[in-house]
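A short write-up of the structure that comes next.
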Amino acid sequence: MIKEFSVAKFTKKEHQHFIPKAYLKNFATQKENKYFVEAKSIEEVYPKEKLLSINDICVQKNVYTTPTVEDESKYHLENFYAYNIENNYTTIYKYLVNPIVLRTTSIGKRNILFCLMHLYFRTPKFLNSQNIKSNHFFDDLAIRNADTNGIVPIEYFGQKGYFHVDQIENLKEHQRQINKITFLQNNFAGLKKFIDENQNARIAVYKIAEEVNLISSDNPVVMGSSNGLEFNVFDKSNIISVPLDSKHFLKIFLNEDLNENLEIFREDRDKWFAYTLNQSVEDNCEKWIYGKEGTIKQHLKNKEEIILGSELKIVEYEKQLEIMKPVCEFIEKNGFLSEVTVNYIKSYLGNPIYKNNTWFLNIFRDITEKRQNLDNNAFDS
């Protein structure tokens, strides 16, 4: 049974996970009472030699601490997430991966959406991206507009003014605080809006039936429009994918359906779906991908094999084109169904280059069948 979320108990905590440990555990290898993941940074070619504790990944100092508040209430959002997610995510997770659960409740649906979509809205990827843009704005402004005395004219929030290049780091820090306040305000508001507008979304849980393991990342919610439109988190054409553990992943299908949909669709998927999802997860990460011990190495190996396989297919395709070139030229010159073409094709059936060539055999079968039909029609007339 899934219960309503509760009011957070207060604690002070500056070391703040933006992906909860309750989620990370499902991609971790347990050693005694501790959990470790194999992890790879996008800046590196190979995974870390040593496994990382889930205490040390997907964490950022004071990411949810309100910068303009001095008293203990500045930790309110971190406490809310820590208390409600860490205490409730495991229940939601077990509920979703339980194969006999085929239907939820209205409260259960809201809690599922909250627990999974908070992974999207609370990640600092958007905040970090905005800070980078702000830094570039001030740097570029100083480079282009500073006079010989280092004075830079600026229009800031609709007001014109000046600053000295020596003040640029202070301005960047001030803008980072504004960005953070905006992020914290939009964080929960955006999540609530998403849940309110998508109570009728369809939920599906897929299980990987083959010996392939799923991975996850520091930005695990993969989202995109099925209509190929410009991305908007509230777009009703979005399809959302979230890895749940090394064998299960969740899909949320947004729609305009006015009827409440409480069913949980379940289906097995093969390794190719796993390969595709793992690549989407890696493409969607900000910095880190992670999984159970050995899974990141296997993911990288699978990528190499798929790329190599594609390259080999291209080489084989080009080779077959070259082999078939004289046959195609003969057919073009003498006609597809001419008797001379049929005899020409037959003369190559014993040739080791052609006897196992699928293209050649298909052409021979097609020509002989159509030639026979042509002869039969001529006989009947």
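The values are calculated or read from the model by the stated rules, or taken from the named source; none is laboratory data. As the structure is a computational prediction, the values presented were derived from the model and not from experiment. Counting neighbours? That spans all protein chains shown, and the Cβs are built from the backbone with ideal geometry, glycine included.
Of all residues in the stretch 233-292, those satisfying the criterion of being touching a strand residue (DSSP E or B) at 6+ places or on another chain (Cβ under 6 Å), under 26 Å from Ala209 (Cα atoms) and among the acidic types (Asp, Glu) are Glu263, Glu267, Asp268, Glu282. Set side by side, the residues Asn84, Asn55 differ, and just one is in the same structural domain as Ile215 (by TED's automatic domain parsing) and at pLDDT 90 or above, which is Asn55.
Determine whether Arg122 is in contact with a strand residue (DSSP E or B) (Cβ under 9 Å, 6 or more places away or on another chain) and either modelled with pLDDT under 90 or surrounded by fewer than 17 Cβ atoms within 10 Å (Cβ to Cβ) (or both).
Numbers: in contact with a strand residue (DSSP E or B) (Cβ under 9 Å, 6 or more places away or on another chain): no; either modelled with pLDDT under 90 or surrounded by fewer than 17 Cβ atoms within 10 Å (Cβ to Cβ) (or both): yes.
Judged against the criteria, Arg122 is not a match.
Please verify whether the stretch 283-294 includes one or more residues that are in a helix (DSSP H, G or I), assigned by TED's automatic domain parsing to the domain that holds Met223 and at pLDDT 70 or above. Within the stretch 283-294, one or more residues are in a helix (DSSP H, G or I), assigned by TED's automatic domain parsing to the domain that holds Met223 and at pLDDT 70 or above.
Against the list (1) surrounded by 16 or more Cβ atoms within 10 Å (Cβ to Cβ); (2) in a helix (DSSP H, G or I); (3) out of contact with any Lys or Arg (no Cβ under 8 Å at 6 or more places or on another chain); (4) polar (S, T, N, Q), the condition Asn88 fails is (3).
Working carefully through the options Asn111, Asn128, Asn149, Asn145, find the one that is closer than 30 Å to Ala201 by Cβ and either buried (at least 19 other Cβ atoms within 10 Å of the Cβ) or more than 26 Å from the chain's Cα centre (by Cα) (or both).
Only one candidate qualifies: Asn111.
The residues of the stretch 32-43 that are part of a loop (DSSP other than H, G, I, E, B) and over 19 Å from the mean Cα position of the chain (by Cα), listed by number, are Glu32, Asn33.
Within the stretch 95-128, the set of residues being over 25 Å from Cys285 (Cα atoms) and in a helix (DSSP H, G or I) comprises Tyr95, Ser106, Ile107, Gly108, Lys109, Arg110.
Residue-by-condition table, conditions (1) touching a residue at least 24 places away in the same chain (Cβ under 8 Å); (2) among the polar types (S, T, N, Q):
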residue: Leu113; (1), (2): yes, no
residue: Lys133; (1), (2): no, no
residue: Leu141; (1), (2): no, no
residue: Gly161; (1), (2): no, no
residue: His164; (1), (2): no, no
residue: Asn170; (1), (2): no, yes
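Scanning the stretch 36-68 for residues that are crowded, with 18+ Cβ neighbours inside 10 Å and on the phi > 0 side of the Ramachandran plot yields a count of 1.
Based on what the data block shows, is Ile168 among the β-branched types (Val, Ile, Thr) and not in a helix (DSSP H, G or I)? For Ile168, the condition - among the β-branched types (Val, Ile, Thr) and not in a helix (DSSP H, G or I) - is not met. Residues in the stretch 172-210 that are of a type in the set (A, V, I, L, M, F, W, C) and free of Cβ contacts under 8 Å to residues at least 12 places away in the same chain were compared, and the one that is nearest to Thr276 (Cα to Cα) is Ala189. Test Asn33 against the stated conditions and say whether it is surrounded by fewer than 14 Cβ atoms within 10 Å (Cβ to Cβ) and polar (S, T, N, Q). Yes, satisfied.
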